[in-house]
1. B:H145's amide H: which non-local residues (gap 5+, or another chain) put their own amide H closer than 5 Å, with H modeled 1.01 Å from N in plane and none for Pro or chain starts?
2. Check B:A68: other-chain or 5+ apart residues with amide H under 5 Å from its amide H, H built from backbone geometry?
3. Using θ = phi - 60° and the Karplus relation 6.51 cos²θ - 1.76 cosθ + 1.60, list the HN-Hα couplings for segment B:239-251 in order, rounded to whole Hz, with x at every Gly or Pro.
4. Take every Cα-Cα pair in segment A:226-280 and report what % of them are more than 16 Å apart.
5. Short version: ³J(HN,Hα) in whole Hz for each residue of segment A:145-154, in order, from phi by Karplus 6.51 cos²θ - 1.76 cosθ + 1.60 (θ = phi - 60°), x for Gly and Pro, what are they?
6. Looking at the protein assembly as shown, what % of the alpha carbon pairs are farther apart than 40 Å?
7. Rounded to two decimals, what is Rg over Rh for segment B:146-199 when you use alpha-carbon atoms and the Kirkwood radius?
8. Suppose a student asked you for the relative contact order of segment A:88-231, using Cα pairs under 8 Å spaced at least 6 residues apart; what percent would you report?
Amino acid sequence: MTRLLLGRLIQAVLVALVVGGLCFALVRVLPGDAAFRIAADRYGPDALTGQAAEAVRRELGLDRPWPELLLRWFGDLAQGRLGNSLVSGEPVSEELAGQLGPSLWLAACALALSLLIGLPLGLASGLRAGSGLDRLALVGAVALRALPPFVLGLVLMLVFSIRLEWLPPAGYGTWREMALPSLTLALGLAAVSSRVARDAVAEVGATAYYRFARLKGLPAGAVVLRHGLRNAGIPVVTYLGLQAVYLIEGVVVVESLFAYPGIGHALVHAVIARDVPMVQGAALVMGLMFVLLNLGVDLLCRLLDPRLGAAR
Amino acid sequence: MMLQMQGLAGPDRPAATAWPLSRRIGLGLLALLAAFALLGPLLVDADPARQDLSASLAPIGSDFLLGADHYGRSLLARLAHGARLSFGMALLTMLSAAVPGLLLGVLAAWRGGVAERALVALSDIVLALPGLLLVLILLAFAPGHFLPLYLGLSLALWVEFFRVARTTTARLLVEPRIEAARLLGFGTPYILRHQVLPEIAPLLLTLAAFAMGTAILAISTLSAISVGLQPPTPELGSMIVELLPYYAEAPLAVLMPGLLIFLLVLGLQLTARGGTVR
């Protein structure tokens, strides 16, 4: 258990080091002089002189060698000081706090919806492996996996918002705005999870203990519930860990596509505007979301299969 | 002599498992698309950037075989150039991920010790973040440029090659036949070439196709959210977004680049999946 937590903690630290290090490098290569910018900010553009900039440079220690600056950069990061956005001037942490909620909602809705679609479909095709339904689900899954999320999102938008005019193509607030972005992500996720569930169910269905449960007279429904689902659930949950990459990347893409006010949208805009503090903050939060998602999957696996914990 | 006997008695893989139906369909699809991407720009004389505003949104089958976009640029030429760009960039990123990945993987398993631990730590660092986030941060260095896109994708993709090469080599190194080859006096390069490489080679097609599929998806997605390659370039993802406002007039013009991306990735994924279609 401690080993599991420690592993994810190390991953979180790595995320911070990679994001922080890259953003530090980004500040150093961007054109313009930070000391001049800060001096202009403080004293107004009229009072901006070389001397004022030099004074700021000395005061803030911007003339120190870069390893020292890097250490200071990481020190700020460790204390949660993310700085102000270069575009809006607002503190990055405040902007992110406002965007975190919508992003978490989107991720949670997409995940829940993908399980609602994927699991029953996987169960049905696994119990009747090789049937027409199973083949159809396979073709659908292969096709969905080859479709980039943004194309899938556009197709849904064209069908449901423009042709049928059922759902709005953008915005945030009610379930109606939430439906298309989360469905886009959910279909991509379900394409994988339905097949993983199908394989797991088909495999469990072929085991001796499963056949014995049938032979001893348990009704079909009870066998599926008591012996089938729990054993088949382990690979599905394990696979969710791998799908976390798809989910996080998908949130970034789908938020930008549907003009959804979340962190992924903010990240893409910050990259275009080269708003370094915002890029750092948004990438950091998305990265930490990824780590937490992985941790959740780890813990869920342990819960479903206590043997994993006992082995250590 | 013993080695030869073992080789003869070893499990002969029937050709059918290496070339299952899905892989053959995938490779066939890829061959067609590659022909379109390579021959298209040669046969279709049209310049993908030449505008003819009087032919704006020309329908399919008029002067333009597949119609024209809102600037009156030939869609056939743009699709062919876009396919070539996607294919070429995916191939380039795959190669620059595969070569160091494989070499470092074999090296890590072979040498062990500090070298292996350093390389594994490096791969852990890359895997800590989802690949697209890494590419996005790198793109902030030079938005719309080819180099950060290429470097970021290669950096994210080499890990898979590295891990497979390392685990396969590590598994082989403890087998008696490697020890026997060493005792017989064969040198390291010989053993690597004749014992280790043949074991990794069958996995290569799967890994390479998978990496190329990921690269094509990422390249088109990033241009579609306007941080990747920029509009005048005939890139499939940005073509879709560029044409989207004209969906009501020319729906096919929007859907064709999307279909092309879909077919490219489908061909690669069917090839990658090989024997294990699920």
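1. Correct list: empty.
2. Close amide H contacts, sequence-distant or interchain: B:L57, B:A58, B:L75.
3. So the J values, rounded to whole Hz, are 4, 4, 5, 4, 8, 3, x, 9, 4, 4, 7, 9, x.
4. 57 percent
5. Here the 3J(HN,Hα) series is 6, 8, 9, x, x, 6, 5, 4, x, 5 Hz.
6. The answer is 35 percent, as a whole percent.
7. Values: Rg = 15.7 Å, Rh = 13.0 Å.
With Rg and the Kirkwood Rh in hand, the quotient comes to 1.21.
8. This gives 35 percent for segment A:88-231.
Every number here is computed from the coordinates shown, using simple stated rules; none is lab data. Being a predicted model, the structure only gives us computed values, none of them experimental. Here Cβ is always computed from backbone atoms with ideal geometry, including for glycine, and neighbour counts include all displayed protein chains.
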